[in-house]
Amino acid sequence: VRNCIVNKTLVIFSTEGGFALFSGNNPVSSGGGHTNPGVLLTQKEQDKLAGMSEVQQDKMFAGLAKEYLAKNYKKIPALVVRKLLAMWDVFSTDYSGGISKRKYNIWYSVILMFGLFGIFKSLRSGFNVNNLLLVSLAGYLSILVMVFGGDPRHRYSLEPYLLIFAAAGVLAFYDRYKNKLFPLLAICSVIGINILFYINSDLLLNCVRRLL
């Protein structure tokens, strides 16, 4: 209603959709969204943008994104993977001291590993509407990220459910064996590996950057 009144035309979702699409699909895209027009646009395009309405700007950004994807369609698979990795990123950014630093998020990583196992066990156990709804929500958000751009905040609504699946995964793994020593050692090993990753965050981050 607001868009119809202000822009005098029908806008079904938002006039920010075009920019959101372009921020994740442009020459400097690396998985996350880039929101600096000075980097994304030429001076001529910025001048042209200044005289446009919200709807015109939205269409312009959407057009630029589609043009980039059409010309660089071979890069789309790698870009989609980077977007998903940006959403499920196991590194967090520390802004303390006025300097941003990437650090391995050990607690989230442990929960993610056990959570994925819990989801796998849940799907193998048979059709369950409640579990299917949670997994479908994760799939829906992942599809949005693959189209637009990835950011850790996009997964925040899923993390409480991931914690539930992680607990279910640990219990399922523990109950699978009569000898409880093996599952305890395996669980402790997963936590120990993540502690090593945390201690060697900088080395791990550099290895990931080389691979991507």
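The values are calculated or read from the model by the stated rules, or taken from the named source; none is laboratory data. Everything numeric here is computed off the predicted structure, so don't read it as measured data. Ideal geometry is used to build each Cβ from the backbone, glycine not excepted, and the neighbour counts take in all protein chains shown. Ligands, DNA and RNA are excluded from the accessible area calculation, which covers all protein heavy atoms including side chains. Shrake-Rupley method; radii C 1.70, N 1.55, O 1.52, S 1.80 Å.
Things worth noting here:
- When Ser201 is tested against (1) of a type in the set (S, T, N, Q); (2) closer than 20 Å to Lys103 by Cβ; (3) at pLDDT 85 or above, just one condition goes unmet, and that condition is (3).
- Evaluation of Ile143 against the conditions (1) within 28 Å of Ala70 (Cα to Cα); (2) open to solvent by less than 70 Å² (accessible area, probe 1.4 Å); (3) assigned to a helix (DSSP H, G or I) shows that the sole unmet condition is (2).
- Meeting the requirement of 3 or more residues that are of a type in the set (Asp, Glu) and surrounded by 11 or more Cβ atoms within 10 Å (Cβ to Cβ), the helices (runs of 4 or more DSSP H) wholly within segment 40-99 are 54-71.
- The C-beta contact set for segment 134-155 (first residue in contact (Cβ under 8 Å) with a residue 40 or more places away in the chain, second residue in a loop (DSSP other than H, G, I, E, B), distance under 7 angstrom, 6+ apart or interchain) comprises Gly149/Gly32; Gly149/Gly33; Gly150/Gly31; Gly150/Gly32; Asp151/Gly32; Asp151/Gly33; Pro152/Asp89; Arg155/Trp88.
- Pick from segment 122-140, criterion in contact with a helix residue (DSSP H, G or I) (Cβ under 8 Å, 6 or more places away or on another chain) and open to solvent by less than 70 Å² (accessible area, probe 1.4 Å), ranking: farthest from Ser92 (Cα to Cα): Asn128
- The residues listed here are Phe173, Phe165; of these, the one that is more than 28 Å from Arg102 (Cβ to Cβ) and of a type in the set (Phe, Trp, Tyr) is Phe173.
- Arg153 meets all of the listed conditions (1) surrounded by 14 or more Cβ atoms within 10 Å (Cβ to Cβ); (2) assigned to a helix (DSSP H, G or I); (3) not aromatic (Phe, Trp, Tyr) but one, namely (1).
- The residue that is modelled with the highest pLDDT, among those in segment 100-109 that are touching a strand residue (DSSP E or B) at 6+ places or on another chain (Cβ under 7 Å) and open to solvent by 50 Å² or more (accessible area, probe 1.4 Å), is Lys103.
- For segment 110-121, the criterion of a residue being among the charged types (D, E, K, R) and at pLDDT 80 or above is satisfied by at least one position.
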